[in-house]
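Inspection log for the structure reproduced underneath, given as structure tokens.
Nothing in this text is a laboratory measurement; each read-out follows from the coordinates by a stated rule. From a predicted model like this one, the values you see are computed outputs, not experimental measurements. All Cβ positions, glycine included, derive from the backbone under ideal geometry; neighbour counts span all protein chains shown.
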Amino acid sequence: MNILMSLEGTASTFLLAAEEAQSGGLFDFGGTLVLQIVQFLLLMTLLNLFFFRPIQRVVDERSEYIRSNASNAQRRLDEAKSLADQYEQELRTTRQQAQQVIAQAEAEAQKIRSQQVAEAQAEAQKKTEAAAAELEAQKQAALANLSGQVDMISRSLTEKLLGTARSGGYF
């Protein structure tokens, strides 16, 4: 490319020198204008061929690469959002199940506690009744014992009173 530019620069210098030598003016519309147009078109063709097209191809490739990466990134983002939504739904479901299990366990614990309280109350009632029955039996035994002792004491008193009265006491 540098060779082309130096050739062009040399040719252009040579033509300018020849032009000024012939006509003496800057705006001479002779054969040099056509030569300059040809040189310009040749320069544009060479620049297009060796410079602009490769640069445009690189720019196009880069743009395609960026579009491809952007579409891949968008697709992955959509997948990530989908997975996040799915995980959130599973988490909600799991939480609901956990709450149901907890509620069921609490209900079972309450049922067991109520059953144990009822059993304890029934046992306490049985013990209370057994204790009351035992107390009643002891009471009856004590009353029977006391009754026997009262009978004995009253006989003894009666005998003493009768014995004292017979021996000259009160009657």
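Annotations for the structure displayed:
- Residue among 117, 135, 86 farthest towards the positive dipole end of the range 39-164, charges placed on Cβ: 86
- Normalised per residue, the volume of the convex hull around the Cα set of the range 39-164 (Å³): 114 Å³
- Here the Karplus curve 6.51 cos²θ - 1.76 cosθ + 1.60, taken at θ = phi - 60°, turns the phi angles of the range 137-145 into couplings of 5, 5, 5, 4, 5, 5, 5, 5, 4 Hz, with x standing for Gly and Pro.
- Hits among lysines - C-alpha to C-alpha of residue 127 under 20 Å, sequence gap 8 or more where chains match: 139
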